[in-house]
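*Asks:* Take this structure first; my questions come after.
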Amino acid sequence: MAGPPAADSLAGSASVRRRAIAPRQGWEQKVESLGLLFHTAPDQPYWNENAYYEFSASEVDVLERASNQLHAMCLEAVQHVIDKDRFAELHIPPTAIPWIKRTWEEEPPSLYGRFDLAYGGQAEPKLLEYNADTPTSLLEAAVIQWHWLQDCFPQADQFNSIWEGLVELWTELKTERHLKGTAVHFGHVRTIEDLMTVTALRDSAEQAGIATLGIHMDEIGWDEQNRWFLDNDDIRIRTLFKLYPWEWMLEEKFGGNVLESLEHTQWIEPVWKMVLANKGILAILWEMFPTSPYLVPAHIGSPASMSHYVKKPLCGREGEEVSIIRNGAVEFSAATTEGESQPFVFQELCNIPDFEGNRPVIGSWIIDGVSRGIGVRESDGPVTDDLARFVPHLFR
Amino acid sequence: MKETKKSRVVSVSLLAAMAATMLAGCGSNPRQVRRCADEQGNVLPDTNCERGYVGGGYYGGGMMGRGGYPGWVYGGSGGTTPGSRVMGFTKTPTAGADVVTSGGRVISRGGLGGRSSGGGFFGGFG
């Protein structure tokens, strides 16, 4: 979750509530048995059930409505980028453009995305960014917090039919024969988090009766003679879910082969998601929908007239290279991993609630184009990075 | 009945199996051989199963017979070359199993996945 920032604290005034609670006896084993092996970072919990967030039913309705409207606006924005040929502003490689247009028209399978929202219950949710290509924390949101609720508050409700939405979508893709492959491959890099995210997705596909195969991205083979991709056992890959960003793939050795193969190989998420995963879309959304209650001003290349803003790279992740500027002074700057090698988007600072130093950002999941639930991650600092704690939620 | 916004059931099997495997310190999956076969287990050339290979079912491009044969079968014992016989197979691979087939083609690897994700403890993309 790469998210920005907090500005003015809403401590004590937000209507969303953060409540302390004793963790379940043996919680580590409980979450491990469901696949969450990375529940504790070296010096702090990642899965944090020492607290939970409590929403009202009307607050959940607000989040659901905002997410659905934001998704609709995002689809309009993709059409706008295509119609007005604004790919260069987003630094999308020209070789990808024909395939973005083609997949946009043909609508190959697209599973999900996650909006990161600032919301405390008193004002409308504000979009921080859209993780449209490689969102993670799915296991925590869809599975782990659901089981926490069943154990702790079985009578309460939770805005979380993410799992159900995924199984429904896979079932539809299978029964309506939208998948090229009888088996679906799931590619990821060699990290525990990505393995578990991908395994959660594989599990949801298998619940729909689809055979799945896992593969590390670096194990994917290119068959020079037949000009198609193979897995580690030389099985032809026809449908591949990849938890690996499009812009990275296209820069790599097989990038050209990936585009060449799009005729015959389904890649999930589809390549048109590059447009929405690019943070420049925040500026295009603001340009198109300046009266939306869910957006804040954003601009590509310069802060324009803003004095308090967040500066973030067009294709950054997990808070990489994010800076917060207030009145011209750098208030926060994340360590850079590769230098300032790409353009930036400048977004007005959003208010993020502050619960005694805990800054929650709402991850709102879109499954098959519909808002299906949320997960909450909280940070100590102003930027939501890869150590932000996942805290369960309920609503009454 | 009151409408809820939570999943009615969240039942995981692959996740649980993989977690158990990793916690046991065993990182490799069981392997199953995949063959193309008819209902009696007669092994056929792969092309009989590759044609018409589509999502959601097994059929052989106009050759589909009862029960989706010929089709890919997994596991079992017996030969792997066309004309041999396989016994005790299933129509879907075991959850979490790696599927093995014969190769022999010129394959390049390592052209994707060259970048890890971020510098954090867990990795991950966001």
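Only the coordinates and a few stated rules stand behind these numbers; no lab work does. All values derive from a computational prediction rather than experimental measurement. Neighbour counts run over all protein chains shown; Cβ positions are idealised from the backbone, glycine included.
*Asks:* Through the Karplus equation 6.51 cos²θ - 1.76 cosθ + 1.60, θ set to phi - 60°, convert the phi angles of the range A:84-96 into ³J(HN,Hα) values in whole Hz; use x for Gly and Pro.
*Replies:* Coupling constants for the range A:84-96: 9, 6, 9, 4, 4, 4, 8, 6, 7, x, x, 5, 7 Hz.
*Asks:* Here's something else I'd like to know. Count the net charge of all other residues whose Cβ sits under 10 Å from the Cβ of A:THR265, scoring Lys and Arg as +1 and Asp and Glu as -1.
*Replies:* So the environment of A:THR265 carries a net charge of +1.
*Asks:* Starting from the Kirkwood radius over alpha-carbon pairs of chain A, derive D by Stokes-Einstein at 20 °C in a medium of 1.002 mPa s and give it in µm² s⁻¹.
*Replies:* For these conditions, the coefficient is 100 µm²/s.
*Asks:* Extent of the range A:194-242 along each principal axis, from alpha carbon coordinates, in Å, largest to smallest?
*Replies:* Projected onto its principal axes, the Cα set of the range A:194-242 covers 35, 22, 15 Å.
*Asks:* Normalized C-alpha radius of gyration of the range A:266-321, against 2.2 N^0.38 Å?
*Replies:* Against the compact-globule rule of thumb, the ratio is 1.28.
*Asks:* List the residues, sorted by chain then number, that are 5 or more residues from A:LEU128 or on another chain and whose placed amide H is less than 5 Å from its amide H.
*Replies:* When sequence neighbours closer than 5 places are left aside, the close amide H contacts are A:ASP116, A:LEU117, A:ALA118.
*Asks:* If you count the DSSP beta bridges with both ends in chain A, what percent of them are antiparallel, to the nearest 5?
*Replies:* 75
*Asks:* Take the cross-link list A:LYS101/A:LYS126; A:LYS180/B:LYS91; A:LYS174/A:LYS273; A:LYS273/A:LYS312; A:LYS101/A:LYS253; A:LYS242/A:LYS279 and give me the ones stretching past 25 Å between alpha-carbons.
*Replies:* Distance filter (> 25 Å) returns A:LYS101/A:LYS126.
*Asks:* Still on this model: In 10 Å bins starting at 0, how do the alpha-carbon pair distances of the range A:17-116 split up by percent?
*Replies:* Over the range A:17-116, the share of Cα pairs per 10 Å bin runs 11, 24, 23, 22, 18, 2 percent.
*Asks:* OK, next. What is the gain in length, in nm to one decimal, between A:ALA22 and A:GLN44 on full extension, counting 0.36 nm per residue of separation less the C-alpha to C-alpha distance?
*Replies:* 6.3 nm
*Asks:* When the Cα centres of the range A:240-318 and the range A:124-189 are compared, how far apart do they sit, in Å?
*Replies:* Spelled out, the Cα-based centre of one part sits 21 Å from the other.
*Asks:* Is there a quick way to get the dipole size of chain A? I mean about its Cα centre, with the Cβ of Lys and Arg at +1 and of Asp and Glu at -1; what is the value in debye to the nearest 20?
*Replies:* The calculation lands at about 560 debye.
*Asks:* How large is Rg over Rh for the range A:245-392, taking Rg from the Cα atoms and Rh as the Kirkwood inverse mean of 1/r across Cα pairs?
*Replies:* 0.99
*Asks:* In square nanometres and to one decimal, what's the mean projected area of the convex hull around the Cα atoms of the range A:71-123?
*Replies:* 5.2
*Asks:* Something else about it: With θ set to phi - 60°, apply the Karplus curve 6.51 cos²θ - 1.76 cosθ + 1.60 along the range A:173-181 and write out the HN-Hα couplings as whole Hz, x wherever there is a Gly or Pro.
*Replies:* Per residue, the Karplus-derived 3J(HN,Hα) values read 4, 6, 5, 9, 6, 8, 9, 6, x Hz.
*Asks:* Sorted by packing (mean other beta-carbon atoms within 10 Å per residue), highest first, where do A:323-334, A:104-115 land?
*Replies:* Order by mean packing, descending: A:104-115, A:323-334.
*Asks:* Could I have the simple spin-label model distance between A:ALA72 and B:THR90, label points 7 Å from Cα toward Cβ, reported in nm to one decimal?
*Replies:* With each label point 7 Å from Cα toward Cβ, the separation is 4.5 nm.
*Asks:* Straight distance only, please: which lysines reach the Cα of B:LYS6 with their own Cα at less than 21 Å, same-chain residues fewer than 8 apart left out?
*Replies:* Within reach: A:LYS30.
*Asks:* Could you tell me the center-to-center distance, by alpha carbons, between the range A:348-387 and the range A:205-238 in angstrom?
*Replies:* If we compute the Cα centre of each part, the gap is 34 Å.
*Asks:* May I pose another question? Looking only at Cα atoms, what is the convex hull volume of the range A:129-179 per residue, in Å³?
*Replies:* 110
*Asks:* Test of understanding: in a Gaussian network model of chain A with alpha carbons linked when under 10 Å, which of A:PRO245, A:PRO94, A:PRO313 would top the mean-square fluctuation ranking?
*Replies:* A:PRO94
*Asks:* For A:ASP234, A:ASP380, A:ASP116, A:ASP83, what ranking results if the residue with the fewest other Cβ atoms within 10 Å of its Cβ goes first?
*Replies:* A:ASP83, A:ASP380, A:ASP234, A:ASP116
*Asks:* Let me ask something additional. How large are Rg and Dmax for the range A:88-160 when calculated on the C-alpha trace, in angstrom?
*Replies:* For the range A:88-160, the Cα-based Rg and Dmax read 17.9, 53 Å.
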